[in-house]
Structures are given as C-alpha cells and as structure tokens.
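Peer 1: One structure, pasted below without further comment.
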Amino acid sequence: MKIEQIYTGCLAQGAYYIESEGEVAIIDPLREVTPYIERARKANATIKYIFETHFHADFVSGHVTLSKETGAPIIYGPTANPSFDAIIAKDGQEFHLGKLTIKALHTPGHTMESTTYLLKDENNKDHAIFSGDTLFLGDVGRPDLAQKAAHLTQEQLAETLYDSLRNKIMPLADDVIVYPAHGAGSACGKNMMKETVDTLGNQKKMNYALRADMTKQEFVKEVTDGLLPPPKYFPLNVKMNKEGYEDISEVLDRGMRALTPEAFEFAANETEALVLDVRTQAAFVEQHIPRSIFIGLNGDFAPWVGALIADTKQPLLLVIPQGKEEEAVTRLSRVGFDGTIGYLEGGLDAWVAAGKETDKITSVPASEVKARLAREEVPVFDVRKEGEFLSEHLETAKHTPLSNLNSYLADFPEKEPFFLHCAGGYRSVIAASILKSRGIHNLIDVAGGFGALKKEGLKMTDYVCPSTL
C-alpha cells in the first residue's frame with residue numbers, strides 16, 4: 001500500500017495518490033493532471049478511480065481531464081448531480097483497489113454531497129479517512145458555502161455536519177489517520193492547524209468541533225461564529241467543478257502567447273483585459289506599468305487573485321518574470337481564471353526599452369515612519385486580516401482589510417499623504433496597486449510592514465492571542 005499526499009501550499013490543498021497491486025486511486029486532483037499520470041506510469045500502475053469528496057469552491061479540480069485522459073470513472077458521494085458522467089456512490093458503497101477497499105461515508109454538512117472516503121487495508125482494518133472539507137485538522141468545514149444550492153440555512157447545514165461527524169467519523173478508531181483536503185491558510189475553514197496529517201484520536205482530543213460533551217446547539221454556535229464572507233470566486237469554481245471546463249492544455253496555449261510591448265499595449269487598450277503583474281513586490285514598487293495590479297507569485301497568489309479579481313471570466317494580460325510563464329498561467333487556471341490572453345515578452349525591461357510609460361510606488365522604511373509620526377499626524381491604514389488587526393495594531397491605525405478594500409475607498413485621503421502597511425509588505429503592495437489603479441496616488445507603503453513597525457517601538461495596542469479571538 002502506498003499513500004502519497006500531494007500538497008499545494010499556495011492553495012493549502014491536499015490531493016492524494018493511493019496505490020495497491022498496480023491499481024491507483026486519485027482523490028481531489030488538481031487541474032494539471034500530468035503529474036498523477038506520470039506517477040502511475042512510473043510505477044507501472046493504472047489509475048482505476050478518481051474520487052471527489054465534494055464540489056470544491058476554492059479550486060478547480062482535475063477530475064474531468066483526468067477521467068478523459070485515463071478512462072477512470074469519477075466518483076462522487078450521494079446527492080451529487082454533476083453534468084458529466086460519474087458514479088454516484090451510495091452511502092457505505094465499497095470500491096476495491098488492489099488489496100485495499102475504499103468505502104464511501106456520506107458526511108453532509110459542509111455541502112450536501114460531501115463524502116469521506118474510508119480506506120481499509122488488506123486485512124479489512126480501518127486505516128485512514130480522506131475527509132475532504134468535512135473534517136480538517138483543528139477545525140471542520142464551514143457550513144455556509146452550499147446554502148443557496150441546498151436551500152438550507154448555514155445553521156441547518158451545521159446541524160447536519162454535527163450529525164455526520166458524530167455518526168460517521170467519531171465512532172472510528174483513534175489510530176485511524178486523517179487526511180484532509182486543506183490545511184492552514186484555506187478559506188474553507190477558520191482555525192486549521194499547520195500540520196497536514198494527524199490521527200483521529202488526537203483530533204478528538206484537541207479539535208474543538210469533536211468535543212464528546214458538545215451539544216448540537218453549542219456546535220452550531222461555535223462553527224458559525226466569526227465566519228468571514230466567502231471569496232466571490234467560490235460559486236464560479238463550484239459551477240466549473242460541477243459542469244466541466246476547458247482542457248488546461250488549451251488554456252496554456254492561449255495564455256502563453258508572447259506579446260511585444262506594442263502588441264501588449266494594444267491588447268490592453270482595445271480589450272477589457274486587466275494587466276496583472278506577478279513579479280516580486282520589490283520589483284513592482286520600483287517600476288511597473290501604470291494601472292497594473294500586483295499579485296506576486298511568491299505569495300498566496302491564486303487565493304488573492306480569486307478574492308480580489310473575483311470574476312473568473314476576466315481577461316488577463318500578464319507581466320511575468322522570465323521562465324515563470326507556464327507556472328503563472330497554470331496557477332491562475334487552478335482557481336478557474338482561464339482568461340489569460342498573453343504575457344509581455346521580455347518583461348518590464350522590454351517595456352522600458354520600447355519607451356513606454358511606467359509608474360512606481362513610494363515606499364519607506366519603518367524608521368522613517370516613526371520619525372514622521374513623531375513630527376506630525378499622518379493617517380495610517382492597516383490592510384491585514386481582522387484577526388491580525390484585533391490581535392495587535394498600531395494605536396493610530398485604521399483597519400481597511402485587503403480582502404474588502406473596495407469598500408473602504410472613500411476612507412482614504414484624496415490629497416494628503418498616508419501610510420499603508422500589512423504584516424510584511426506583500427499585501428500592502430497589492431493594496432497600493434489597487435488604490436493607484438483607482439486614482440489614489442498619495443499613498444506611502446511601509447517596507448517590512450507591521451513587523452518592522454513593531455521593531456521600531458511604535459505604540460501598539462495590548463497584544464491578544466489570536467486563538468482567543
């Protein structure tokens with residue numbers, strides 16, 4: 001028996017490769033399926049099944065393409081109704097893989113079709129569960145994503161999730177291994193551990209949602225408390241996962257068109273394409289194409305694209321570091337953004353060499369911020385997440401979270417300078433690029449963000465441990 005967790009940090013997502021006696025099952029594959037096919041080929045094995053735990057909202061799964069490439073059937077749990085051919089498993093239905101057995105446990109609550117797959121070894125002993133978004137490490141799946149489709153309130157879905165956990169998962173032995181679909185950083189939960197594998201016994205001890213003495217009412221209150229609005233691209237990804245999508249090879253062919261500066265500028269002017277700069281924040285601060293939006297590949301690229309651009313149909317023109325073209329287009333496609341129509345050949349150097357206009361962001365070190373605040377009052381805007389801000393912030397700072405920045409545009413001064421910061425610099429440059437694209441140019445980015453400000457000894461609010469918020 002071979003179990004391999006294929007973890008993608010940018011999405012905080014775990015896909016799984018299970019192999020026994022030359023037969024392979026893939027659980028929740030990513031959009032680019034070649035790595036799974038090559039793994040199986042190298043092992044002289046055949047992909048027999050493609051299991052989907054539910055209709056994912058935060059990424060586009062590779063199930064449709066992988067089934068087309070291998071002939072392996074796609075398997076969903078009860079109540080799923082995809083637009084393509086699939087096996088809709090009954091609760092308790094078993095699938096044989098070499099010497100192993102995979103049993104479908106219908107565990108609705110996160111979504112109504114959510115299903116956990118129980119892996120039994122060659123002796124028919126329960127070995128592991130692939131819990132999808134039903135059970136995370138330290139948390140459970142949020143119950144508000146499927147309410148429109150299921151015609152249920154988030155409280156009703158939470159009640160359903162409570163029953164699923166206690167009737168299907170908690171009765172399993174403590175030594176059963178838990179393989180979730182996501183880890184810390186995913187928007188599918190709110191309190192996930194940084195670890196990506198654990199035992200069910202340990203989760204019973206430390207996961208708040210699995211407390212043995214927890215009533216259903218307590219569960220509903222705790223699971224629904226503090227949920228932030230889901231990113232706007234989530235329903236669009238569900239639709240693609242449910243109805244199918246374009247083959248990624250076609251997306252890559254279209255997106256990897258090299259455009260000269262003249263062709264790039266023409267496309268930007270004549271289409272409704274958004275210019276997305278995916279270089280480092282330092283490079284963007286120094287020089288960039290006017291009105292372009294920065295979201296760097298070296299951060300949580302795909303989730304921020306999804307949260308801030310939202311419309312997966314938006315045409316995109318990319319400014320990319322040389323050699324990163326395929327990576328950028330692929331990572332965009334993982335969250336359903338298939339509309340890349342080309343990239344700037346030669347990068348920003350070619351743009352400058354062609355005599356095209358550029359812009360820059362004013363950025364200063366924290367020491368300069370400290371000195372200036374000592375002399376005069378300058379507004380400070382903090383674009384970190386709510387939990388980060390509530391935990392500790394500069395006393396004079398106003399909270400304008402990046403995820404909802406457009407709602408705060410009226411709060412920024414029209415003419416007077418103001419400081420803008422996040423935790424370390426990545427998100428504040430994203431925010432700065434958005435503000436500049438809206439005509440707000442009087443901003444000053446704080447290099448090094450909150451961490452640098454704190455080291456300078458600026459007056460902060462009393463620290464509150466994030467886990468207590």
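The values are calculated or read from the model by the stated rules, or taken from the named source; none is laboratory data. Bear in mind the structure is a predicted one, so any value in this text is a computation, not a measurement. Neighbour counts are summed over all protein chains in view; Cβ atoms, including those assigned to glycine, are modelled from backbone coordinates with ideal geometry. What goes into the accessible areas is simple: the full protein's heavy atoms, side chains included, and nothing from ligands, DNA or RNA. Shrake-Rupley method; radii C 1.70, N 1.55, O 1.52, S 1.80 Å.
Peer 1: Test of understanding: among Thr396, Thr400, which residue is surrounded by fewer than 19 Cβ atoms within 10 Å (Cβ to Cβ) and either at positive phi or not basic (Lys, Arg) (or both)?
Peer 2: On the way: Thr400 fails: surrounded by fewer than 19 Cβ atoms within 10 Å (Cβ to Cβ).
Just a single option satisfies the conditions, and that option is Thr396.
Peer 1: Where residues in region 28-75 are in a strand (DSSP E or B) and free of Cβ contacts under 8 Å to residues at least 60 places away in the same chain, which of them is most open to solvent (accessible area, probe 1.4 Å)? Reasoning before the result, please.
Peer 2: Keep residues of region 28-75 that are in a strand (DSSP E or B), which gives 46-51, 74-75.
From what's left, free of Cβ contacts under 8 Å to residues at least 60 places away in the same chain: 46-50, 74-75.
Details: Thr46: 88, Ile47: 14, Lys48: 64, Tyr49: 30, Ile50: 0, Ile74: 6, Ile75: 0 Å².
So, considering only residues that are in a strand (DSSP E or B) and free of Cβ contacts under 8 Å to residues at least 60 places away in the same chain, the one most open to solvent (accessible area, probe 1.4 Å) is Thr46.
Peer 1: Inside region 76-103, can you point out the residues that are open to solvent by 60 Å² or more (accessible area, probe 1.4 Å) and of a type in the set (Gly, Ala, Ser)?
Peer 2: Within region 76-103, just Ser83 meets the criteria.
Peer 1: Additional query: I'd like to verify a number: residues in region 347-376 that are open to solvent by 50 Å² or more (accessible area, probe 1.4 Å), closer than 30 Å to Phe264 by Cβ and assigned to a helix (DSSP H, G or I), how many?
Peer 2: Selection size over region 347-376: 3.
Peer 1: Tell me, which residue of region 170-189 that is within 19 Å of Lys120 (Cβ to Cβ) and either among the polar types (S, T, N, Q) or part of a loop (DSSP other than H, G, I, E, B) (or both) is least open to solvent (accessible area, probe 1.4 Å)?
Peer 2: Val176
Peer 1: Of everything in region 217-230, what is touching a residue at least 12 places away in the same chain (Cβ under 8 Å), loosely packed, with under 13 Cβ neighbours inside 10 Å and part of a helix (DSSP H, G or I)? Give them in sequence order.
Peer 2: Passing the criteria: none in range.
Peer 1: Here's a follow-up. Looking at region 258-275 only, could you name the residues that are surrounded by fewer than 17 Cβ atoms within 10 Å (Cβ to Cβ) and touching a residue at least 60 places away in the same chain (Cβ under 8 Å)?
Peer 2: Going through region 258-275, the residues surrounded by fewer than 17 Cβ atoms within 10 Å (Cβ to Cβ) turn out to be 258, 260, 262-263, 266, 269-272.
The answer is Ala258, Thr260, Glu262, Ala263, Thr271.
Peer 1: So which residues in region 448-467 are open to solvent by 30 Å² or more (accessible area, probe 1.4 Å), within 25 Å of the chain's Cα centre (by Cα) and among the small types (Gly, Ala, Ser)?
Peer 2: Gly448, Gly451, Ser467
Peer 1: Another question, if that's okay. Across region 190-207, what is the number of residues that are in contact with an Asp or Glu (Cβ under 7 Å, 6 or more places away or on another chain), open to solvent by less than 40 Å² (accessible area, probe 1.4 Å) and either among the hydroxyl-bearing types (Ser, Thr, Tyr) or within 24 Å of Pro231 (Cα to Cα) (or both)?
Peer 2: Qualifying residue count, region 190-207: 1.
Peer 1: Suppose we filter region 276-289 for residues that are open to solvent by 20 Å² or more (accessible area, probe 1.4 Å) and either in contact with a strand residue (DSSP E or B) (Cβ under 8 Å, 6 or more places away or on another chain) or of a type outside the set (Gly, Ala, Ser) (or both); how many remain? It would help to see each step written out before you state the result.
Peer 2: Taking region 276-289 and keeping what is open to solvent by 20 Å² or more (accessible area, probe 1.4 Å), we get 279-283, 285-287.
Cutting the leftovers down to either in contact with a strand residue (DSSP E or B) (Cβ under 8 Å, 6 or more places away or on another chain) or of a type outside the set (Gly, Ala, Ser) (or both) gives us 279-281, 285-287.
Within region 276-289, residues that are open to solvent by 20 Å² or more (accessible area, probe 1.4 Å) and either in contact with a strand residue (DSSP E or B) (Cβ under 8 Å, 6 or more places away or on another chain) or of a type outside the set (Gly, Ala, Ser) (or both) number 6.
Peer 1: Now for a separate question. Before we move on, is Gly347 at pLDDT 95 or above and closer than 28 Å to Val33 by Cα?
Peer 2: Numbers: at pLDDT 95 or above: yes; closer than 28 Å to Val33 by Cα: no.
In short, no.
Peer 1: Are there any pairs, at least 6 apart or on different chains, whose C-beta atoms fall under 7 Å, with the first in region 110-122 and farther than 17 Å from Val178 by Cα and of a type in the set (Val, Ile, Thr) and the second open to solvent by less than 10 Å² (accessible area, probe 1.4 Å) and modelled with pLDDT of 95 or more, and if so, which?
Peer 2: Thr111/His54
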